[in-house]
Amino acid sequence: QVQLAESWGGLVQPGGSRTLSCVASGSIFLINVMGWYRQAPGKQRELVATITRDGSTNVADSVKGRFTISRDNFRTTLYLQMNSLQPEDTAVYYCNARTLDGLTSWGQGTQVTVSS
C-alpha cells in the first residue's frame, strides 16, 4: 500500500503561483503512475496531470501551459507547479498513485483558493 500526503495549498491571488507537494511512503517501488486531481465545490473530481513511471507526463487542456507536474529523482515526492492561477482553479487538490498491481491510493487533499 502507498500512503500520500499533500501540502502547500492555501490562498493565492489571481495571477499568482503556487507549488503543491505530495510525499509518498510505503510501497513506493510499486508505483506506476502518479497524478494530481482536483474537485471544485459542486463539481466532480477531475484529472489535472499525471506522470508515469518512465517520466511521461499528461496535462489537462484546462491547465496546459500554466501547470507543470514533476517529481524528484527518488520518485518519493510529486510536485504541481501552478502559474497564472485563476479563480476557476479554486478546488481541493488530491494526489493519486496507482501501483503495478492495480491498487489506487489518494491523499487527504489540500485546498487551493484563488481570490483577491
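The values are calculated or read from the model by the stated rules, or taken from the named source; none is laboratory data. Everything numeric here is computed off the predicted structure, so don't read it as measured data. Cβ placement follows ideal geometry from the backbone for every residue including glycine, while neighbour counts extend to all protein chains displayed. Protein only, heavy atoms only, side chains kept; ligands, DNA and RNA dropped before computing areas. Shrake-Rupley method; radii C 1.70, N 1.55, O 1.52, S 1.80 Å.
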Test: residue in the range 56-63 that is within 16 Å of Thr110 (Cβ to Cβ) and either among the hydroxyl-bearing types (Ser, Thr, Tyr) or in a strand (DSSP E or B) (or both): no
Test result for Leu11, assigned to a strand (DSSP E or B) and touching a residue at least 60 places away in the same chain (Cβ under 8 Å): yes
Qualifying residues in the range 87-109 (those that are polar (S, T, N, Q) and open to solvent by less than 20 Å² (accessible area, probe 1.4 Å)) - the one farthest from Gly16 (Cα to Cα): Thr99
Conditions (1) open to solvent by 60 Å² or more (accessible area, probe 1.4 Å); (2) within 16 Å of Arg18 (Cβ to Cβ); (3) free of Cβ contacts under 8 Å to residues at least 24 places away in the same chain; (4) not hydrophobic (A, V, I, L, M, F, W, C); number of the one not met by Thr57: (2)
Residues being in contact with a Lys or Arg (Cβ under 8 Å, 6 or more places away or on another chain) and farther than 13 Å from Ala5 by Cβ - total across the range 22-33: 3
Pairs with Cβ under 7 Å, 6+ apart, first in the range 62-75 and more than 17 Å from Ala91 (Cβ to Cβ), second at pLDDT below 95 and of a type in the set (A, V, I, L, M): Arg75/Ile28; Arg75/Ile31
Exclusive hit being closer than 19 Å to Pro14 by Cβ, touching a Ser or Thr at 6+ places or on another chain (Cβ under 8 Å) and open to solvent by 40 Å² or more (accessible area, probe 1.4 Å), set Ser115, Ser62, Ser25: Ser115
Matching residues, the range 35-54, being of a type in the set (Lys, Arg), open to solvent by 50 Å² or more (accessible area, probe 1.4 Å), in contact with a strand residue (DSSP E or B) (Cβ under 7 Å, 6 or more places away or on another chain) and closer than 18 Å to Thr110 by Cβ: Arg45
Selection count, the range 86-116, where residues are at pLDDT below 95 and under 14 Å from the mean Cα position of the chain (by Cα): 0
Among (1) open to solvent by less than 20 Å² (accessible area, probe 1.4 Å); (2) part of a loop (DSSP other than H, G, I, E, B), the one test that Arg75 misses: (1)
